[in-house]
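First comes the structure, then the notes that go with it.
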Amino acid sequence: MAILDSKGRLFGKINLLDLGAALVILLVIVGIFIFPGTSGSVAQVGAKTVPIEVDLLVRGLNVRNPQQLVKEGFTKGGKTNVIIRNQPYGQIGIKSVEQLERTVTIGQPDGSVKELPDPRKINFSTDFLLTLEGQATVTKDGPVLGNSKVKIGMPFELEGFNYNFNASVIDIRLQDK
């Protein structure tokens, strides 16, 4: 009896293609369950967790009553949901909220420039400076919240019960333990 017959069967019983497919499936199962690999994110290997403060600048937020938004949505010691690079991070604490006064630069007769309050009535547009506080993992590339690096200039999306808007990171402060 021949090892391979005219139809490509081993010893006239097992098709070589079926045998190959069965071996591949068996190797995949062994690879998944016996050797699952390392657990955890690569960014967290050899990193430490420290308290972080992130300053966010909100420019031109259109809101009817900014004081009510601050009172109800951004209470000091409260929390807000943060989305970083379209990845939900979760809730993070609000350390402080400051409503910024709108100003314009005015040239003076002597050639100097002064920054004065904006005389125009911009009824529904306001600016905020928010300081958020939480725990970040520090890697060689910088602080990481969740699985996203935090860098100056990157957008954060803030979401709460009655708001959803973007803000830009303008400062990052890490505290030493």
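The values are calculated or read from the model by the stated rules, or taken from the named source; none is laboratory data. Bear in mind that the values here come from a model prediction, so they are computed numbers and not experimental data. Cβ: placed from backbone, ideal geometry, glycine included. Neighbour counts: every protein chain shown. Ligands, DNA and RNA are stripped out before the accessible areas are found, and what is left, the full protein with its side chains, is counted by its heavy atoms. Shrake-Rupley method; radii C 1.70, N 1.55, O 1.52, S 1.80 Å.
Per residue, the solvent-accessible area of the range 78-177 (1.4 Å probe, heavy atoms of protein chains only, all protein chains present) comes to 63 Å². Here's the picture: charge each Lys and Arg Cβ at +1 and each Asp and Glu Cβ at -1 in the chain, and of 21, 166, 153 the one pushed furthest to the positive end of that dipole is 21. Our coupling estimate for the range 119-124, obtained by passing each phi through the Karplus curve with A = 6.51, B = -1.76, C = 1.60 and θ = phi - 60°, is x, 6, 8, 9, 5, 10 Hz, Gly and Pro reported as x. Keeping the other protein chains in place, figure out the carbon and sulfur percent of the accessible area of the range 1-160, with a 1.4 Å probe. Roughly 57 percent, rounded to a whole number. Shown is the FRET efficiency for residue 121 and residue 71, computed with R0 = 25 Å from the Cβ-Cβ distance and rounded to the nearest 0.05: 0.65.
Note on residue 49 and residue 147: the model spin-label points, each 7 Å out from Cα along the C-beta direction, lie 1.8 nm apart. Peptide packing: for 163-171, 17-25, the average count of neighbouring Cβ atoms within 10 Å per residue gives the ranking 163-171, 17-25, highest mean first. In a simple Cβ point-charge model (Lys, Arg +1; Asp, Glu -1; nothing else charged), the range 42-162 has a dipole of about 220 debye relative to its Cα centre. For Rg and Dmax of the Cα atoms in Å, one of (i) 17.7, 75; (ii) 29.0, 109; (iii) 15.7, 52 was computed from the structure I shared and the rest are decoys. Which label? Matching the structure shown: (ii). With each label modelled as a point 7 angstrom along the Cα→C-beta vector, the residue 98-residue 10 pair spans 7.5 nm.
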